[in-house]
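K.L.:
Starting off with a structure, shown below.
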Amino acid sequence: MAEECIFCKIVAGEIPAEKVYEDEQVVGFRDIKPAAPTHLLFIPKEHIPTINDLTDAHEALVGRLVRAAQQTAAREPLSGGYRLVFNCLGDAGQEVYHIHLHLLGGRRLGWPPG
Ligand code: AMP
């Protein structure tokens with residue numbers, strides 16, 4: 001756990017979150033400032049700052065994040081589809097330096113993103 005990391009605090013239960021998913025490696029919760037009718041975040045319990053910090057040892061974990069998102073999407077009103085996004089570093093708009101997979105849906109999403 002990284003001491004000042006807001007997402008590590010959510011994993012530890014030190015700050016509240018509306019959890020939608022949890023297993024031994026991953027937590028999913030609703031984004032506090034939703035950009036779409038459904039906006040969820042899936043994070044590893046392990047503190048990994050950016051996608052650039054992933055190693056071979058994390059391959060199964062990244063798969064778990066995607067599967068957690070897919071499984072949760074099936075329980076949301078997302079029959080029209082949804083988007084999964086990792087933002088990496090400043091140009092992509094990364095604000096929280098603990099990797100997180102965004103799941104966005106419930107409206108028509110523009111492409112390419114701004
Ligand atoms: P990013 O810009 O990819 O780093 O996304 C960070 C996301 O985390 C943003 O969509 C924020 O709204 C969201 N966020 C920040 N703090 C919290 C929190 N305490 N609970 C839920 N979502 C949060």
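Readers should treat all values here as calculations from the given coordinates under stated rules, not as data from a laboratory. Note that this is a predicted model, so its numbers are computed, not measured. Here the Cβ is made from the backbone with ideal geometry for all residues, glycine too, and neighbour counts use every protein chain on show.
K.L.:
What's the local net charge at Ala2, with K and R +1, D and E -1, over the other residues with C-beta under 11 Å away? Could the numbers behind the result be given before it?
P.N.:
Working: positive: Lys9; negative: Glu3, Glu4, Glu46.
The answer is -2.
K.L.:
Something else: Would you give the gap between the C-alpha center of the range 28-42 and the C-alpha center of the range 69-105, rounded to a whole Å?
P.N.:
8
K.L.:
Amide H to amide H, which residues 5 or more places from Val20 or on other chains are under 5 Å from it, using H placed in the peptide plane?
P.N.:
Amide H neighbours of Val20: Gly28, Phe29, Arg30.
K.L.:
Determine the gain in length on full extension of the stretch Ile15-Val85; use 0.36 nm per residue of separation and subtract their C-alpha separation, reporting nm with one decimal.
P.N.:
On the way: separation 70, 0.36 × 70 = 25.20 nm, distance 2.38 nm.
Between Ile15 and Val85, full extension yields 22.8 nm more.
K.L.:
If you don't mind, another one. What is the spin-label model distance, in nm, from Glu59 to Gln25 if the labels are put 7 Å beyond Cα along the C-beta direction?
P.N.:
For Glu59 paired with Gln25, the spin-label model returns 1.2 nm.
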